[in-house]
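Contents: one structure, followed by commentary.
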Amino acid sequence: MVSVEGLKVEFGVKPLFSDATFVINAKDRIALVGKNGAGKSTMLKILCGMEQPTEGTVSVATDTTIGYLPQVMILQDDTTVRQEAQKAFADIQNMADRIRRMERQLNERTDYDSDDYMALVESFTAEHERYQMLGAEGYEAEIERTLTGLGFERTDFDRPTSEFSGGWRMRIELAKILLRRPDVLLLDEPTNHLDIESIQWLEQLLAVWSGAVVLVSHDRAFINNVSNRTLEISCGRVVDYRVKYDEFVVLRKERREQQLRAYENQQKEMADIRDFVERFRYKPTKAVQVQQRLRQLEKMVPVEVDEVDNSAMHLKFPPCLRSGDYPVICDEVKKAYAHLVFDHVNLTIKRGEKVAFVGKNGEGKSTLVKCMMGEIPFEGKLKIGHNVQIGYFAQNQAQMLDESLTVFETIDRVARGEMRLRINDILGAFMFGGEASEKRVKVLSGGERSRLAMIRLLLEPVNLLVLDEPTNHLDMPSKDVLKEAIRAFDGTAIIVSHDREFLDGLVTKVFEFGGGKVREHIGGIYDYLQAKHISQLSELERTERVEQTISATQLDQYGQSNQTNYAERKEQQKRQKRAEKAIEESEKRISRMEQRLKELDSLLCDPVNASDMTLVSEYTDIKRQLDEEVERWEQLSEEAEKLKNV
């Protein structure tokens, strides 16, 4: 479908990549990976013809169509959601107009026996048959299926696109691309603006896509579930691994170990040759052997070792002051614009807790964060606790940077006191060492901008982190480092994110936003997802109905048999794995609480502490939580047993 040969791209002295050669075939699900700034987005732009390489060619087969979703695009505001989506079928609409014109001519003309009339009849018949073969009459239904799959309600279809946030408008563009059904689908960070349900919907759709898919994503679960082939941009070269992402990680490690052994052997051989030359350089009897060794040394091709991104962020939040016991308390908080965003929000976040805000876009997650930050007015009571110092990472933080400044100047302008003396050290820890610190912000990739925005957060010690989509544009190693840093952070953290893998093992409580309400779920993100599927039957029914609709429709359209059974088996395995993980985490929580109760027992047995109401209160709270957790563990065990017997 697409053939790439000898591709080279240069922006500066050192090329981004060179001699890139590969072929994109039908049914390929290619994960394009590499560290931030390696050239992934540039490669997609070259494949779709938006940019030209320095050298090399990109050959696209005749009649092959390409659809491209960039990270950032300029969107129009003069149409409704439905009208914007209908643009995907502009060719079909033009065909329908031609058919109507020919039909009108056939009705108006009376020269039935003329050659011109018979030619018109043949043209009308051929065009009408082609129109029906394309399934054009059902495109409105297809528009509705795609828009609802991406999270839109039917009441949204006739709303102007200008009423929607940037994330929702990006979904409209994604819908248009999917509706065109291109032969090659190029997606640059498609999950950045999707919620968990929409990501799962897109995963299922791409699994039965009839053409090829090339995607860049930092969502590890998404990229692994979709891909069957991995292209890595490393050391200025493109390496092709014909396996999915998880298997690529293993193969890459093995490949690098082999390269290291070959490199070490070659270095030893070269050292032996040089040693021989030095010893016998001035002995006439060894002159021939010395010349042979020198020629041998010249002919050696150095063994290259794949680049490993050892320059991953070294992120550690500075020690923070102790805040009050309850950094955030919401009491009957309400927020409404022209419509209700949420009402009767009652939540309490304790010191040291790591919690997640999840839910569809537009349900109020970022709105509540802005209420906490005092950026917008609201009704009800929202109390920020004693001695709370907030560090806020907004969703558009990376886009708010001044593009005319260099990396160093950006940090130099906000650093204070002793921190100004450590700017180079901090930049180096965030992979902006050396010449990289002199780059202009305008040439940075999305991931590099996010890292730069994160540095600003570290310049002052805080004890409450409020992070709104902090992983957008961060590569997977950087996300892992950020995750570990938040886990080690001794303060409180509120994380708004759709990234399941990032939240897994990080948060112990989930607040779900939806339908104007905020519901609390104790446990990790997969506990929440599992409980949602099991406890809310209506939601489960709706989700299953969407999955069945997608599978049946797409399989029928693209002629893919047996995919439904496969998808069901995979989904069953995932649920069982999540159930086992939920049980394991529950057992860990029970163990921690039992251990703490033992410690409190010992303390309360001491007459000095017998009247300490703080210890008594903590003992009572933990005892209640332990009883609830044991009951929850029993339910999880029963549910896991049922899944095994399905």
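The values are calculated or read from the model by the stated rules, or taken from the named source; none is laboratory data. As the structure is a prediction and not an experimental result, all values here were calculated from the model. Please note: Cβ atoms are built from the backbone with ideal geometry, for glycine as well, and neighbour counts cover all protein chains shown. For the accessible areas, the whole protein counts, side chains as well, though only heavy atoms, and no ligand, DNA or RNA atoms are used. Shrake-Rupley method; radii C 1.70, N 1.55, O 1.52, S 1.80 Å.
Descriptive notes on the structure:
- Span-rule helices in the chain, defined as complete DSSP H runs reaching 20 Å or more along the axis (Cα) with Kyte mean at least -0.5: 166-180
- Residues 409, 641, 108, sorted by accessible area with the largest first, give 108, 641, 409 [1.4 Å probe; ligands and nucleic acids excluded].
- Pairwise Cα inverse-distance average, inverted: Kirkwood Rh of the range 1-74 (Å): 13.2 Å
- Heavy-atom accessible surface of the chain: percent carbon and sulfur, 1.4 Å: 49 percent
- Solvent-accessible surface ranking, highest first, for 301, 358 at 1.4 angstrom: 301, 358
- The chain - accessible surface per residue (Å², probe 1.4 Å): 52 Å²
- Expressed in Å, the radius of gyration and Dmax of the Cα atoms of the range 78-206 are 19.2, 63.
- When 148, 191, 620 are compared by accessible area at a 1.4 angstrom probe, the order from most to least is 620, 148, 191.
- Remark on residue 227: its backbone amide H falls under 5 Å from those of 245, a criterion applied only to residues 5 or more positions apart or on other chains, H modelled at 1.01 Å from N.
- Ratio of the Cα radius of gyration of the chain to 2.2 N^0.38 Å, where N counts its residues: 1.16
- In terms of its alpha-carbon gyration tensor, the range 150-226 comes out prolate; a/c meets the 1.5 threshold, and the first ratio a/b outweighs b/c.
- Cross-link reach is defined here as a Cα-Cα straight distance under 19 Å, omitting same-chain residues fewer than 8 places apart; for residue 642 the lysines meeting it are 532, 570, 574, 577, 581.
- Mean separation of Cα contacts under 8 Å (6+ apart) over length of the range 202-309, as relative contact order %: 21 percent
- By the rule of a C-alpha distance below 25 Å, with chain neighbours fewer than 8 residues away ignored, the lysines paired with residue 383 are 334, 335, 350, 354, 365, 370, 509, 517.
- Residue 201 accessible area, assembled protein chains, probe 1.4 Å, Å²: 20 Å²
- Computed with every protein chain present, the accessible area of residue 320 is close to 30 Å² [probe 1.4 Å].
- Dipole axis of the chain (+1 Lys, Arg; -1 Asp, Glu on Cβ), positive-most option in 239, 340, 201: 239
- Value of relative contact order over the chain, rounded to a whole percent, pairs C-alpha under 8 Å and six or more apart: 13 percent
- Candidate lysines - alpha carbon under 27 Å from residue 45, same-chain residues fewer than 8 apart omitted: 8, 14, 27, 35, 87, 176, 244, 439, 442, 479
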